[in-house]
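The values are calculated or read from the model by the stated rules, or taken from the named source; none is laboratory data. Since the model is a prediction, treat every value here as computed from it, not as a measurement. Glycine gets a Cβ as well: all are built from the backbone with ideal geometry, and neighbour counts include every protein chain shown. Keep in mind that these areas ignore ligands, DNA and RNA; they rest on the heavy atoms of the full protein, side chains included. Shrake-Rupley method; radii C 1.70, N 1.55, O 1.52, S 1.80 Å.
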Amino acid sequence: MTKAVGYAAHSATAPLEPFHFERREPGPRDVEIEILYCGVCHSDLHTARNEWKGTVYPVVPGHEILGRVRRVGSSVTKFAAGDTAAVGCLVDSCRTCPDCREGLEQYCQTEMVFTYNSTDKHTGKMTYGGYSNAIVVDEDFVLKVASNLDPAGAAPLLCAGITTYSPLRHWNVGKGKKAGIVGLGGLGHMGVKFSHALGAETVLFTTSPGKAEDARRLGADSVVISKNPNEMARHFGSFDFILNTVAASHDLDPFLGLLRRDGTMCLVGAPEHPHPSPAVFQLIFKRRSLAGSLIGGIRETQEMLDFCAEHGIVSDVEVIPMQKINEAYERMLKSDVKYRFSIDMASLK
Ligand code: NAP
Ligand code: ZN
Ligand code: ZN
């Protein structure tokens with residue numbers, strides 16, 4: 001066992017506070033990582049406050065983990081002490097079901113183990129996430145990050161990056177396609193960067209007029225204030241694909257109406273309260289699809305990290321000390337972050 005320190009929530013209404021716990025002793029296949037940075041995902045907040053129900057307390061959130069390998073088990077082949085290493089939303093799965101065999105561990109049919117708030121196969125206890133100074137993970141679920149990427153900005157790629165990259169790739173967003181990204185938060189700003197890098201005409205939908213200039217700098221060809229019906233109407237029936245990253249319940253119909261025939265809107269935002277049902281006519285008249293997507297598998301996460309290394313893509317981050325996490329949550333709720341908080345774990349020492 002290794003002593004670890006982190007920040008945990010002890011109830012849905014309590015602020016996060018310092019928490020001492022133990023990480024398992026690395027087994028033969030394990031990599032022990034000293035965490036340098038951890039991104040702050042809106043899912044951390046949903047979980048800390050039990051908005052999705054099912055949170056087991058205390059919970060240590062954090063699944064955008066970037067660090068340095070401290071020790072490796074005797075049969076680890078892909079990592080050595082001193083390497084840069086990263087961990088995302090998953091730390092294990094059954095590895096044998098059809099989805100795992102296809103490299104889609106996020107859709108594992110039996111034993112998916114999330115980085116926090118899941119049952120750890122090794123200890124039978126709850127998994128604790130990246131708001132901490134160290135983590136021990138099976139090497140099959142540890143990712144490699146190129147040294148040319150800024151580590152504070154690379155951390156959020158492990159969730160915000162893969163969650164937007166995966167659906168953009170799945171629905172073939174690229175040259176000759178028109179793609180919309182709804183919401184310029186942690187996920188949304190990565191969606192804009194990827195859609196632009198993949199060569200698609202990229203339109204950002206926002207409720208925050210003050211973000212328009214940033215959106216263009218990040219790669220949007222145009223920006224639409226989604227609460228303005230006239231601006232929305234200009235794009236009616238024109239999109240091949242829309243990626244909706246909004247973290248709150250809202251009316252989907254105005255966006256569905258912007259899809260062309262056979263277009264798809266994919267939801268990745270996971271709000272506490274359901275969206276109002278979409279109008280069936282918005283779907284049937286143009287054979288449109290409404291879809292969803294969950295993070296991405298390990299193979300695709302590595303592909304995304306390599307794509308980022310090649311294109312020099314990282315998240316735009318505001319680095320904070322661990323002690324500022326509760327303030328960061330309140331600011332995230334007000335859409336007041338450009339565009340991801342990244343916790344500097346040196347602040348825990
Ligand atoms: P975030 O940084 O808070 O960004 C969400 C954005 O949504 C905000 O910046 C804002 O953009 C927009 N927004 C917020 N409230 C809104 C409202 N009431 N109406 C319209 N727009 C609103 O959150 P995030 O970390 O990107 O996460 C977004 C959502 O994705 C969360 O629900 C999270 O749990 C979920 N998520 C899902 C997956 C998955 O695998 N599917 C993975 C990670 C996260 P504007 O200011 O530009 O309007
Ligand atoms: Zn996340
Ligand atoms: Zn499986």
By residue number, the members of the range 89-117 that are within 16 Å of ligand 1 (Cβ to nearest atom) and touching a strand residue (DSSP E or B) at 6+ places or on another chain (Cβ under 7 Å) are Cys89, Leu90, Val91, Ser93, Glu105, Gln106, Met112, Val113, Phe114, Thr115, Tyr116, Asn117
Looking only at the range 272-295, and only at residues there that are under 20 Å from Leu187 (Cα atoms) and open to solvent by less than 30 Å² (accessible area, probe 1.4 Å), the one that is nearest to ligand 1 (Cβ to nearest atom)
Ile295
Of the conditions (1) open to solvent by less than 40 Å² (accessible area, probe 1.4 Å); (2) assigned by TED's automatic domain parsing to the domain that holds Asn50, Thr123 clears all except one; give me its number.
(1)
Just the residues that are of a type outside the set (D, E, K, R) and either buried (at least 24 other Cβ atoms within 10 Å of the Cβ) or part of a loop (DSSP other than H, G, I, E, B) (or both), please, taken from the range 8-28.
Ala9, His10, Ser11, Ala12, Thr13, Ala14, Pro15, Leu16, Pro26, Gly27, Pro28
What is the residue count in the range 300-321 for residues that are assigned to a helix (DSSP H, G or I) and surrounded by fewer than 22 Cβ atoms within 10 Å (Cβ to Cβ)?
8
Determine whether Ala200 is over 20 Å from the mean Cα position of the chain (by Cα) and within 27 Å of Gln302 (Cβ to Cβ).
yes
Open to solvent by 50 Å² or more (accessible area, probe 1.4 Å) and in the same structural domain as Glu272 (by TED's automatic domain parsing): is that true of Lys334 in this structure?
no
Mind listing whichever residues of the range 230-271 are more than 28 Å from Gly176 (Cα to Cα) and surrounded by 14 or more Cβ atoms within 10 Å (Cβ to Cβ)?
Ala247, Ala248, His250, Ala270, Pro271
Give me a count of the residues in the range 140-179 that are open to solvent by less than 10 Å² (accessible area, probe 1.4 Å), in contact with a Phe, Trp or Tyr (Cβ under 9 Å, 6 or more places away or on another chain) and not β-branched (Val, Ile, Thr).
12
May I ask you to list the residues in the range 107-117 that are under 25 Å from Cys38 (Cβ atoms), open to solvent by 30 Å² or more (accessible area, probe 1.4 Å) and away from ligand 2 (no atom under 15 Å from the Cβ)?
Tyr107, Glu111
When you scan the range 45-72, how many residues do you find that are in contact with a Lys or Arg (Cβ under 9 Å, 6 or more places away or on another chain) and open to solvent by less than 10 Å² (accessible area, probe 1.4 Å)?
1
Which of the residues spanning the range 92-106 are open to solvent by 20 Å² or more (accessible area, probe 1.4 Å) and within 16 Å of ligand 2 (Cβ to nearest atom)?
Glu105
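Residues are listed down the side, and each one gets a yes or a no for (1) away from ligand 1 (no atom under 13 Å from the Cβ); (2) among the aromatic types (Phe, Trp, Tyr); (3) not in a helix (DSSP H, G or I):
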| residue | (1), (2), (3) |
| --- | --- |
| Arg169 | yes, no, no |
| Gly176 | yes, no, yes |
| Gly180 | no, no, yes |
| His189 | no, no, no |
| Phe194 | yes, yes, no |
| Ala212 | no, no, no |
Please go through the range 20-62 and pick out each residue that is touching a helix residue (DSSP H, G or I) at 6+ places or on another chain (Cβ under 8 Å) and among the small types (Gly, Ala, Ser).
Gly39, Ala48, Gly62
Is it fair to say Ala80 is free of Cβ contacts under 8 Å to residues at least 40 places away in the same chain and more than 16 Å from ligand 2 (Cβ to nearest atom)?
yes
